[in-house]
Amino acid sequence: MRFLLYNMRYATGSGLAFHWPLPGIGYIKDTATNLQRIVDFVVEMRPDIAGLIEVDTGSFRSRSINQADAIAEALGHASSYQTKYGAKSFSNRLPIMRKQGNAFITGSHVSNERIHYFDAGIKRLILELELDNLSVFLVHLSLKYRHRHYQLRHLHALVRETHKPLIVAGDFNTLWGDYEIELFMAATGLRSANKLAKPSYPSHAPRKQLDFILHSNDIRVTDFHIPKVPYSDHLPLVCDFDIDAGAARRPVRAAAN
């Protein structure tokens, strides 16, 4: 199977054009042209499952197009998405922001979909996708270290309740270094598909590893690469894997610190 993780920055682009003629103006510019580039790229990758961070589900900048649906339609797959703010968040009342979310796209049979929310941070969404032989969590953690700490504890509790082969993926915003994620990995028994710790941010000159695909020990990674595409400020992660149905999940014994 192939899993694609991509923080696509709402298809608003990257580089100098994003800040022309004013800093940050790219967040309200029309995204149609860059979205088509992203659609073409994802179709070329042919993922069985895609986890998309920062998708526009239909604001004026996307011409009311749901970007997750557009990518899913091009692949011939189904999409599921949700706004990334809590149900009672003030952000859900604001133009553009109320259309900002994360999404799964898959062509596999879906057994169940669940939506969870962190108790801390502005970006609180946890998407859970359950397939016949696999569970996948998709997250976008807080920019604040203290909030990330609480969010990882919450995520750890969800992982403990999952008994199928497991992938936990997303933009973890580990701005203080990889040790943040290492503590979580040690507590959960998960491993990183990115064994060489290659950076994915910023896309024009990657220096930081913010995006992660973590997996349980009954998943065998057969290939991992980071395509050099300039359509977002993050680079995408592509992971090919097999599921070892006979392997036992590593038990989770400790709470995340």
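Observations, loosely collected:
- Computed [θ] at 222 nm, helices only, for the chain once each DSSP H run of length n ≥ 4 contributes -39500 (n - 2.57): -6000 deg cm²/dmol
- Computed about its Cα centre, the charge dipole of the chain is approximately 900 debye, with only Lys, Arg, Asp and Glu carrying charge at their Cβ.
- Think of a 1.4 Å ball rolled over the protein heavy atoms: the chain then has 46 Å² of accessible area per residue.
- By accessible area, using a 1.4 Å probe on protein heavy atoms only, the chain has 52% of its surface on carbon and sulfur.
- Values of log10 I(q)/I(0), in the order q = 0.09, 0.13, 0.16 Å⁻¹, for the chain under a Debye, Cα-only, solvent-free model: -0.36, -0.78, -1.25
- Rounded to the nearest Hz, the phi-derived 3J(HN,Hα) couplings of the stretch 22-31 under the Karplus curve 6.51 cos²θ - 1.76 cosθ + 1.60 (θ = phi - 60°) are 10, x, x, 5, x, 5, 10, 6, 4, 10, where x marks glycine and proline.
- Radius, Kirkwood style, for the stretch 96-178 when every pair of distinct Cα atoms is counted (Å): 13.6 Å
- The stretch 197-221-the stretch 99-172 distance, computed between alpha-carbon centres (Å): 16 Å
The values are calculated or read from the model by the stated rules, or taken from the named source; none is laboratory data. If you're wondering where the values come from, they're calculated on a predicted model, not measured in any experiment. Cβ atoms come from the backbone with ideal geometry, glycine included; neighbour counts cover every protein chain shown. All accessible areas refer to the heavy atoms of the entire protein, side chains included, with ligands and DNA or RNA removed. Shrake-Rupley method; radii C 1.70, N 1.55, O 1.52, S 1.80 Å.
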